[in-house]
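Enquirer: First, the structure itself, so that you have it in front of you.
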Amino acid sequence: MTELEQFIASIEGKSQNTIKSYKSQYNKLYKLLGKDIKETSEVKLLQTIDTIDNVNSKQALINIAIQIRRLNKLSVLKLEAERDKNKYQLIDAVKDTNRKLQNSLPAYQELVGYMEALYESKSWTDYIINYLLINYQVRNLDLLFNIVKLKRDTADTTKNYIWLSPNKAVYIRNVYKTAEKYGQKIVTIVDPKFITAIKRVLETSAVFIPNPDQLGYYVQKATYKQIGESKIMKIVVNHFRHDLNKIKEISDNRGTSIDTILGSYDIDNI
């Protein structure tokens with residue numbers, strides 16, 4: 001069994017998206033090293049990972065190295081120390097990004113106005129994307145769903161659904177970034193405009209995003225001034241930052257802790 005096969009076997013039970021991400025990060029680190037991670041010292045691992053500029057990317061590779069070495073009962077003290085040190089750089093990077101965004105992001109009301117204009121122009125798919133981003137603070141991955149008319153067709157827990165009935169749309173999320181921690185999420189939407197938009201899309205296809213590999217492109221292209229999901233989240237959080245009940249609701253919708261929301265998405269956090 002190769003090191004990668006051993007690693008994948010050790011994370012059996014995690015979501016397919018998590019496994020895919022771990023495998024991608026493993027392959028990236030293996031390519032940089034040119035040999036198995038377990039055969040590389042902590043010092044050499046850190047020297048190699050330090051050639052990467054992006055702090056988030058560094059953290060991802062360090063996490064993989066830690067998991068592999070733990071799996072082989074090897075020391076991870078130096079790696080853990082570096083990971084902890086990098087956390088402060090990540091916090092500073094978030095604050096720097098927020099500082100730059102303060103005067104450049106559109107207002108919440110502009111997002112809502114754009115969403116309503118999409119409805120009026122019968123741009124159904126784009127309207128649905130923006131509706132879910134603005135009202136339920138979802139991530140891109142959450143927008144991969146099938147539209148069905150029967151509850152029995154929502155049984156596959158490896159997929160997301162919108163179950164459409166005459167007067168409501170039940171949005172069922174089984175596959176999203178933090179599903180392993182927060183579990184299945186179900187919301188019932190009774191907004192007549194949203195239901196109409198879902199019906200119009202269903203007339204064409206039950207699959208909402210035709211090419212999952214281009215998900216990010218579809219979402220960004222659909223948003224106001226092509227700002228994308230993450231910036232919309234920041235705008236929504238900033239708009240409701242003084243409403244604790246709304247922040248709690250956003251936390252539940254997204255599957256993210258309140259501390260993370262206020263620390264990473266509140267653009268006044270500088």
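Enquirer: Which residue out of Y171, Y119, Y136, Y131 is open to solvent by less than 10 Å² (accessible area, probe 1.4 Å) and either at pLDDT 95 or above or within 27 Å of G228 (Cβ to Cβ) (or both)?
Expert: Answer to the check: Y171.
Enquirer: Quick check: is even one residue across segment 47-56 closer than 30 Å to N160 by Cα and either touching a helix residue (DSSP H, G or I) at 6+ places or on another chain (Cβ under 6 Å) or surrounded by fewer than 18 Cβ atoms within 10 Å (Cβ to Cβ) (or both)?
Expert: Yes, some residue in segment 47-56 is closer than 30 Å to N160 by Cα and either touching a helix residue (DSSP H, G or I) at 6+ places or on another chain (Cβ under 6 Å) or surrounded by fewer than 18 Cβ atoms within 10 Å (Cβ to Cβ) (or both).
Enquirer: Which of (1) under 22 Å from E249 (Cβ atoms); (2) assigned to a helix (DSSP H, G or I); (3) among the hydrophobic types (A, V, I, L, M, F, W, C) does L118 not meet, given it meets every other one?
Expert: All conditions pass for L118, except number (1).
Enquirer: Still on this structure: Give segment 219-236 a look and list any residue that's more than 14 Å from Y136 (Cα to Cα) and over 15 Å from the mean Cα position of the chain (by Cα), or say none.
Expert: K221, A222, T223, Y224, K225, Q226, I227
Enquirer: Taking I235 as meeting all but one of (1) outside any helix (DSSP H, G or I); (2) open to solvent by less than 30 Å² (accessible area, probe 1.4 Å), write down the number of the exception.
Expert: Of (1) outside any helix (DSSP H, G or I); (2) open to solvent by less than 30 Å² (accessible area, probe 1.4 Å), only one is false for I235: (1).
Enquirer: The conditions are (1) of a type outside the set (D, E, K, R); (2) in contact with a Phe, Trp or Tyr (Cβ under 6 Å, 6 or more places away or on another chain); (3) open to solvent by less than 40 Å² (accessible area, probe 1.4 Å); (4) more than 18 Å from G255 (Cβ to Cβ), and Y161 fails exactly one of them. Which is it?
Expert: Of everything listed in (1) of a type outside the set (D, E, K, R); (2) in contact with a Phe, Trp or Tyr (Cβ under 6 Å, 6 or more places away or on another chain); (3) open to solvent by less than 40 Å² (accessible area, probe 1.4 Å); (4) more than 18 Å from G255 (Cβ to Cβ), Y161 misses just condition (4).
Enquirer: Then there's this: Name, by its number, the condition in (1) without any contact (Cβ under 8 Å) to a residue 24 or more places away in the chain; (2) touching a helix residue (DSSP H, G or I) at 6+ places or on another chain (Cβ under 9 Å); (3) exposed (fewer than 14 other Cβ atoms within 10 Å of the Cβ) that does not hold for G34.
Expert: (2)
Enquirer: Restricting to segment 174-191, and then to whatever is open to solvent by 90 Å² or more (accessible area, probe 1.4 Å), touching a strand residue (DSSP E or B) at 6+ places or on another chain (Cβ under 8 Å) and assigned to a loop (DSSP other than H, G, I, E, B), can you tell me which residue is farthest from V138 (Cα to Cα)?
Expert: Here the residue is V190.
Enquirer: Scan segment 35-89 residue by residue and report those that are under 21 Å from I19 (Cβ atoms) and over 29 Å from the mean Cα position of the chain (by Cα).
Expert: Scanning segment 35-89 gives D36, K38, N72.
Enquirer: On to the next question. Quickly run through segment 1-31 and pick out the residues that are of a type in the set (A, V, I, L, M) and either assigned to a helix (DSSP H, G or I) or open to solvent by less than 60 Å² (accessible area, probe 1.4 Å) (or both).
Expert: Once the filter is applied, which keeps residues that are of a type in the set (A, V, I, L, M) and either assigned to a helix (DSSP H, G or I) or open to solvent by less than 60 Å² (accessible area, probe 1.4 Å) (or both), segment 1-31 yields L4, I8, A9, I11, I19, L29.
Enquirer: Within the set of pairs 6+ apart or on separate chains, which have a first residue in segment 152-181 that is touching a residue at least 60 places away in the same chain (Cβ under 8 Å) and within 26 Å of K20 (Cα to Cα), a second that is in a strand (DSSP E or B) and open to solvent by less than 60 Å² (accessible area, probe 1.4 Å), and C-beta atoms under 9 Å apart?
Expert: So the pair list comes out as V175/F145; V175/N160; Y176/N160; Y176/K185; A179/R173; A179/K185.
Enquirer: Another question, then. Scan (1) at pLDDT below 95; (2) crowded, with 16+ Cβ neighbours inside 10 Å for the single condition K225 breaks and write down its number.
Expert: (2)
Enquirer: Still on this structure: For segment 192-216, give me each residue that is within 16 Å of the chain's Cα centre (by Cα) and open to solvent by 50 Å² or more (accessible area, probe 1.4 Å).
Expert: P212, D213, Q214
Enquirer: Now for a separate question. Are there any pairs, at least 6 apart or on different chains, whose C-beta atoms fall under 6 Å, with the first in segment 224-238 and at positive phi and the second surrounded by fewer than 20 Cβ atoms within 10 Å (Cβ to Cβ), and if so, which?
Expert: Taking only residues 6 or more apart or on different chains, the pairs are Q226/Q220; G228/Q220.
The values are calculated or read from the model by the stated rules, or taken from the named source; none is laboratory data. Computed from a prediction, not measured in an experiment: that's the story for all the values here. Positions of Cβ are backbone-derived with ideal geometry, glycine not excepted, and every protein chain shown enters the neighbour counts. Calculation scope for accessible area: heavy atoms of the full protein, side chains included, ligands and nucleic acids excluded. Shrake-Rupley method; radii C 1.70, N 1.55, O 1.52, S 1.80 Å.
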